[in-house]
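Let me begin by presenting the structure, written as structure tokens, before commenting on it.
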Amino acid sequence: MAGRIPQSFIDDLLSRVDVIDVVDSRVKLKKTGKNYSACCPFHNENTPSFTVSPDKQFYYCFGCGASGSALKFVMEFDGLSFPDAVEKLASDANMEVPREQVSFEARQEQQHQPLFGQMNKAAEFFEQMLRSHEDKGKAVSYLKNRGLSGKAAKFFQIGYAPPGWDNLQKRLAPNNDKDTIKQLISCGMSIEKDEPGKEYRTYDRFRDRIMFPIRDARGRVIAFGGRVLGDEKPKYLNSPETPIFQKGRELYGLYEARKIRQKLTRFVIVEGYMDVVALAEFGIHYAVATLGTATSEHHLRRLFKIVPEVIFCFDGDQAGRTAAARAMETVLPLLQDGLQARFLFLPDGEDPDTLVRVEGKDAFEQRLNQSDHLPEFLFTHLKEQVDFDTLDGKARLDQLAAPLINRLPDGMLRQLMRQKLKEETGVESHALTKLEAEAPPPAAEQEAEDDIPLPFIDAPPIAHYDAEPASDALAPQVYQALTALVQNPALAQQLETPECDPESEIERLLFEVLNKLKQAPQNNSIGLIIQWTGSPFQLQLKEIAEKAAEASVIPSASTIADVLKRLNARKLETELAGLKAKLANKEKLSDEERQRLRELQRHMHELQKKRTAIYAR
């Protein structure tokens with residue numbers, strides 16, 4: 001078995017390849033100023049929002065948030081694993097990939113190969129039984145009644161464990177082969193019954209249940225979840241922990257989500273197998289479920305190595321909010337800059353399975369887009385526990401919030417949370433100052449992962465936009481409009497979406513900030529900046545917010561609207577100037593061109609009147 005690839009080689013490889021060449025060989029790029037742009041290959045769009053920077057050697061999409069280095073792009077676009085992507089880039093660069101010595105864990109995994117083999121055979125058996133067993137009708141009816149299509153069942157390899165004590169054992173060990181039976185016991189598929197005075201025997205763990213294979217990150221079946229067809233108990237039965245399966249480390253649906261050719265930018269954590277399958281059925285291929293346990297730090301580390309955002313999905317009742325509070329405490333130490341957590345609370349009596357079937361993909365994703373960011377949930381949750389209208393209630397809020405904020409690692413989010421606490425109470429946090437003086441905040445433990453070796457944060461450090469060309473006469477006004485929007489994000493709801501395409505990077509940032517605020521409204525700069533956590537523009541937006549606060553300028557929607565109108569008019573002005581140039585050169589205009597000239601002149605006159613009215617106000 002091959003060993004690990006040294007990090008020093010990966011660094012050397014990335015220094016030798018050019019991200020422009022790597023991307024352009026797969027997606028045709030167009031030079032726009034210092035950077036290059038294209039329609040994003042990871043989501044459908046008509047206007048290019050995908051930017052590649054040769055100076056910083058990274059790509060970023062304003063639309064879906066896709067970002068990373070040349071290596072990350074090859075992984076996502078070509079659908080390759082980390083080692084295969086390294087091999088591909090190295091081959092293109094005429095470099096040979098070195099390997100480190102095989103580890104103890106790798107040798108141990110080699111010894112477990114027979115167990116993986118038996119689990120794969122079990123999955124094939126259950127899938128076959130769903131198609132051919134004499135009792136398949138009730139299983140098929142159950143799945144159809146739950147709204148599950150044959151396509152989804154096949155994709156998740158859902159099967160059926162028929163009634164009977166030893167169907168699986170007879171198939172995999174037809175002659176009661178002792179070695180095979182021991183393997184089935186070891187991987188949790190068979191149970192041994194050895195009572196004094198009675199005959200020793202073994203029997204199948206799963207009987208008369210819908211079967212959901214649980215896979216590791218490499219797609220190998222390592223366990224099963226079985227659901228009864230009626231009201232028997234337990235409703236769900238999971239495989240026990242085995243040499244190849246630890247339920248506190250695995251997530252149902254994670255492999256399937258990565259298998260789909262899509263750019264993963266977030267995961268939503270749900271409760272059950274059917275929630276994952278139902279959401280995938282409706283095109284939401286980024287849901288995962290824990291296996292009968294609360295979400296652990298290990299789960300979250302795995303997800304944050306792939307995406308920058310995790311959304312916890314809970315019932316809207318008190319039990320759901322209590323579970324959300326526990327999840328919040330678990331995720332806080334992991335929120336390095338660039339990562340964020342959100343919380344979605346469902347209507348009473350609904351779960352993701354039922355809700356997405358009622359309201360569809362777009363409406364459910366709108367719920368996700370409008371879900372609470374961790375800071376919002378934290379302060380809302382704590383303010384419900386105090387009498388916030390009193391001074392001692394605010395003091396109590398400080399005592400409750402400080403230990404939670406202190407769990408955050410050093411970084412921008414911690415600073416923003418401290419600032420938010422000060423805004424809520426009106427004074428600096430005495431409790432947090434005391435905690436920081438007693439001990440430094442705990443750092444998130446670094447944990448090696450054999451199955452997902454590439455962290456999400458392989459993008460370059462946060463970078464500023466390059467300065468706009470001096471010839472761009474609108475650049476100062478665009479910057480002022482962006483500043484006003486950052487200072488007062490609520491103004492976005494009073495503005496119309498621009499009809500033109502951006503012609504500079506600062507215009508693109510203005511448009512994308514506006515679009516993001518329309519999708520997920522924010523009331524203050526902190527919420528806006530958190531929206532951009534993990535992007536290369538978080539730092540610049542934070543600096544804009546700080547400068548605006550120092551200037552004490554009151555932003556207005558009319559100021560921003562005027563800039564947007566001027567940007568919309570720019571294309572028309574160019575067209576009008578071209579027709580006027582023809583007349584100046586004594587060129588004859590066609591009937592269509594003369595009609596268009598009159599329309600443009602009339603339209604520009606109306607725009608000028610509107611601008612005059614805005615300035616008058």
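The values are calculated or read from the model by the stated rules, or taken from the named source; none is laboratory data. These figures come from a predicted structure and were not determined experimentally. All Cβ positions, glycine included, derive from the backbone under ideal geometry; neighbour counts span all protein chains shown. We work out accessible area using only protein heavy atoms, side chains counted, and drop any ligands, DNA or RNA first. Shrake-Rupley method; radii C 1.70, N 1.55, O 1.52, S 1.80 Å.
Numerical summary
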quantity: Spin-label model distance (nm) - Ile260 vs Ser556, 7 Å beyond Cα toward Cβ; calculated: 4.6 nm
quantity: Computed lengthening from Leu572 to Lys31, 0.36 nm per intervening residue step minus Cα-Cα distance; calculated: 192.4 nm
quantity: Packing-based ranking, highest mean first, of 429-436, 90-97, 128-135 given that Cβ atoms within 10 Å are counted; calculated: 429-436, 128-135, 90-97
quantity: Relative contact order, percent, the stretch 471-565 [alpha-carbon distance under 8 Å, six or more residues apart]; calculated: 45 percent
quantity: Share of carbon and sulfur in the accessible heavy-atom surface of the chain [1.4 Å probe, %]; calculated: 48 percent
quantity: FRET efficiency estimate (nearest 0.05) - Cβ-Cβ, Gln7 to Asp166, R0 41 angstrom; calculated: 0.25
quantity: Distance between modelled label sites at Ala549 and Gln419, nm, 7 Å Cα→Cβ extension; calculated: 0.4 nm
quantity: Amide H partners (placed H, <5 Å) of Phe58, local residues excluded; calculated: Ser53
quantity: Where Ser8, Ser141 fall by accessible area, highest first, once all protein chains stay in place (1.4 Å); calculated: Ser8, Ser141
quantity: DSSP beta bridges in the chain [antiparallel fraction, %, rounded to 5]; calculated: 70 percent
quantity: Prolate/oblate/rounded call for the stretch 235-384, Cα gyration tensor, a/c under 1.5 rounded; calculated: rounded
quantity: Residues of the chain: accessible area per residue with a 1.4 Å probe, Å²; calculated: 49 Å²
quantity: The stretch 296-378 - Rg and Dmax from Cα coordinates, angstrom; calculated: 13.0, 37
quantity: Kirkwood Rh in Å, taken over all unlike Cα pairs in the stretch 3-51; calculated: 12.7 Å
quantity: Mean ellipticity per residue at 222 nm, deg cm²/dmol - from DSSP H runs of n ≥ 4 across the chain, formula -39500 (n - 2.57); calculated: -15000 deg cm²/dmol
quantity: Percentage of interatomic Cα-Cα distances in the chain larger than 43 Å; calculated: 34 percent
quantity: Solvent-accessible area of Phe388 with every protein chain in place, 1.4 Å probe, in Å² to the nearest 10; calculated: 40 Å²
quantity: Efficiency of FRET from Cβ geometry, Glu134 and Asn176, R₀ 35 Å, rounded to 0.05; calculated: 0.90
quantity: Of Ser371, Pro114, Gly188, farthest towards positive along the dipole that unit charges on Lys, Arg, Asp, Glu beta carbons give the chain; calculated: Ser371
quantity: Estimated dipole of the chain in Debye, rounded to 20 [Cβ of Lys and Arg +1, of Asp and Glu -1, Cα centre]; calculated: 1500 debye
quantity: Ser81/Glu384 FRET efficiency (R0 45 Å; Cβ-Cβ; nearest 0.05); calculated: 0.50
quantity: Among Gly426, Gly411, Leu397 the positive-end extreme of the charge dipole of the stretch 394-439 (Cβ point charges); calculated: Leu397
